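Below you'll find the structure, written out as structure tokens, and then a few comments.
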Amino acid sequence: MKTPFNDVILPGSGKTTSLPSSIFLTLLFIIFLTACQDHRTPDPVPLSNVTATYSADVAIKWISLELKLVKTTAGFTPPIVARALGYTGLVLYESVVPGMSTYKSLAGQLNGLPALPQPDATKEYNWALAANTAQYALTKSLYPTTSDANKLTMDSLRLSLEASLKAGVASDVVDRSNLFGTAIATAIFEYSKTDGGHEAYKNVFPTDYVLPAGPGLWVSTSAQLIPLLPYWGSNRSFVAANASVNPPAPYPYSTATNSDFYKDALEVYTASKNLTTDQKNIGLFWADGGGSITPPGHHINIAAIVLKKENARLDKAAETCAKVTIAVSDAFVACWRAKYTYNVLRPITYIRSHIDPTWTPLLDTPPFPEYTSGHSSGSGAASQILTDLFGDNYAFTDDTWQGTFTNRSFNSFFDYANEATISRLYGGIHFRNGNEKGIANGKLIGKNINALAFKK
């Protein structure tokens with residue numbers, strides 16, 4: 001059988017030659033692939049500097065300002081602070097994640113978070129400017145009742161940061177970046193309105209709550225008869241899985257001297273009578289009571305301390321702030337769910353009834369049930385996140401109370417969490433069981449945050 005041939009015009013010569021069909025078809029295929037290669041759509045060239053180009057300064061300064069708002073804005077109790085920080089951490093991340101090539105938005109991953117505004121891939125953005133505007137816009141929305149002086153401070157910070165960040169940046173890039181930051185803040189504020197905690201600062205002691213009564217149940221220890229935020233545990237968590245992360249039931253209530261409940265109460269009483277100077281200092285350092293940055297604020301301040309120590313870039317700050325604040329917010333929802341599921345009485349009530357009627361703890365007892373400890377829950381969540389981000393044996397010094405209390409140093413994030421947890425026993429406001437089950441539950445919540453697909 002003869003091999004079929006095809007006539008081919010040789011390029012540049014105009015002459016014709018004959019080639020076997022198999023070779024002819026191979027040449028045609030090569031020509032086709034070359035044409036496709038030459039005319040394919042090129043990968044887009046990034047027009048904007050990546051998020052890592054910028055320092056974490058814009059994130060840290062907004063954290064510092066928000067903690068000032070927390071201390072001076074009425075109604076911002078620990079759960080409400082945790083929620084607000086969760087949303088400002090989220091808005092920071094979403095405003096800069098387009099400049100983080102290996103990371104992706106949390107839209108569609110967080111509980112109920114819809115698609116968010118996207119930047120124009122054909123235009124240039126300054127992600128630090130976007131972050132500045134986003135944090136400003138959302139913070140103003142979350143703290144509308146703060147003082148006029150605080151509002152002026154927010155305006156001043158936004159303008160001062162923008163002035164430094166826009167130096168040498170084209171005006172259209174500045175405008176575009178600010179518009180994107182505002183769009184992200186608007187979308188996330190709308191999302192926040194649907195979680196059950198919107199404007200909760202207006203009614204932290206709802207009078208329609210019917211307080212359960214019975215042996216071992218919480219009773220008021222002050223003039224405030226209604227407990228704080230009894231419905232908070234039904235709020236939407238950021239991560240759907242955390243809606244079912246709950247501690248086990250507390251010890252059965254008992255006044256028998258050989259019961260676990262009595263032993264826990266006796267431990268609190270005995271410890272309070274024999275506090276060392278260091279134990280007393282620990283109780284006071286972690287009190288974070290009224291007029292302070294609160295326990296949730298203390299946790300994000302520790303994150304800021306680490307970011308400054310690391311001289312972190314904006315991408316690392318955004319990831320850290322989002323993970324820590326979302327975890328602590330979910331931990332407080334879970335903690336409050338447990339508090340009002342079990343309504344366990346506080347140590348002062350039990351001890352005065354069954355051990356010593358004259359006993360007074362180191363710290364003032366807060367107006368809500370004991371089990372579990374909020375500070376322990378938040379500590380567990382934050383320490384789990386920070387350990388996963390920065391390592392198991394990360395030494396740091398907590399200078400949150402500089403000028404008030406002596407700084408405290410730790411060899412790991414779990415060390416700080418354990419100290420914050422035991423501080424509640426030294427303070428006389430929690431039993432050991434409420435502390436230990438709280439920190440354990442917080443760690444589980446932190447692990448669920450870490451399980452999110454932050455990276456592509």
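The values are calculated or read from the model by the stated rules, or taken from the named source; none is laboratory data. From a predicted model like this one, the values you see are computed outputs, not experimental measurements. Note: ideal-geometry Cβ built from the backbone for every residue, glycine included; neighbour counts use all protein chains shown. Surface areas here come from the heavy atoms of the whole protein model, side chains and all, with no ligands, DNA or RNA. Shrake-Rupley method; radii C 1.70, N 1.55, O 1.52, S 1.80 Å.
Phi angles of the range 131-148 translate, via the Karplus equation with coefficients 6.51, -1.76, 1.60 and θ = phi - 60°, into HN-Hα couplings of 5, 4, 5, 4, 5, 4, 4, 6, 4, 4, 6, 7, 10, x, 9, 5, 5, 4 Hz per residue; Gly and Pro are given as x. Heavy-atom accessible area, probed at 1.4 angstrom with all protein chains present, ranks LEU90, LEU225 as LEU225, LEU90, highest first. The modelled label-to-label distance between SER171 and VAL219, using points 7 Å beyond Cα along the C-beta direction, is 7.1 nm.
Once the chain from ASN258 to ALA240 is taken as fully extended at 0.36 nm per residue, the excess over their C-alpha distance is 2.5 nm. Legend: calculated FRET efficiency, LYS456 to ASN274, from the Cβ-Cβ distance at R0 = 51 Å, rounded to 0.05, equals 0.40. In the range 141-181, what percent of the accessible surface is made up of carbon and sulfur (1.4 Å probe, ligands and nucleic acids excluded)? In the range 141-181, the share of accessible area belonging to carbon and sulfur is 57 percent.
Accessible area per residue (1.4 Å probe, heavy atoms of protein chains only) ranks SER254, SER156 as SER156, SER254, with the largest value leading. Less than 15 Å Cβ to Cβ from THR257, Lys/Arg counted +1 and Asp/Glu -1: what total charge do the surrounding residues give? With Lys, Arg at +1 and Asp, Glu at -1, the neighbours total -3. Under 5 Å from the amide H of TYR103 lie the amide H atoms of LYS456, each residue being 5 or more positions distant or on a separate chain, with H modelled from the backbone and absent for Pro and chain starts.
Would you tally the net charge around ASP399, using a Cβ to Cβ cut-off of less than 12 Å, leaving ASP399 out, and scoring K and R as +1, D and E as -1? Net charge around ASP399: +2. Solvent-accessible surface of the chain, averaged per residue with a 1.4 angstrom probe and all protein chains in place: 44 square angstrom.
Backbone geometry of the range 244-256 corresponds, through the Karplus equation with coefficients 6.51, -1.76 and 1.60 at θ = phi - 60°, to 3J(HN,Hα) couplings of 10, 8, 10, x, x, 4, x, 4, x, 5, 7, 9, 5 Hz, x marking Gly and Pro. Atom-type composition of the exposed protein surface of the range 255-402 places 45 percent of the accessible area on carbon and sulfur (1.4 angstrom probe).
Were the residues from PHE205 through LYS309 laid out at 0.36 nm apart, the gain over their Cα-Cα distance would be 33.5 nm. Positive contributions from Lys and Arg (+1) and negative ones from Asp and Glu (-1), summed over other residues with Cβ under 13 Å from the Cβ of ASP415, come out at -2. Amide H contacts for VAL344 (H built 1.01 Å from N in the peptide plane; partners 5 or more residues away or on another chain; cut-off under 5 Å): TRP218, GLU370, TYR371. For the range 301-318, the Karplus equation 6.51 cos²θ - 1.76 cosθ + 1.60, evaluated at θ = phi - 60°, returns couplings of 5, 5, 4, 5, 4, 5, 4, 5, 4, 7, 6, 5, 8, 5, 5, 5, 5, 5 Hz by residue, with Gly and Pro reported as x.
Fully extended, how many nm does the chain gain between ALA74 and ALA249 (0.36 nm per residue separation, minus their Cα-Cα distance)? 59.7 nm is the gain from fully extending ALA74 to ALA249. Between GLN402 and ASN281, the modelled labels are 1.8 nm apart [label points 7 Å from Cα along Cα→Cβ].
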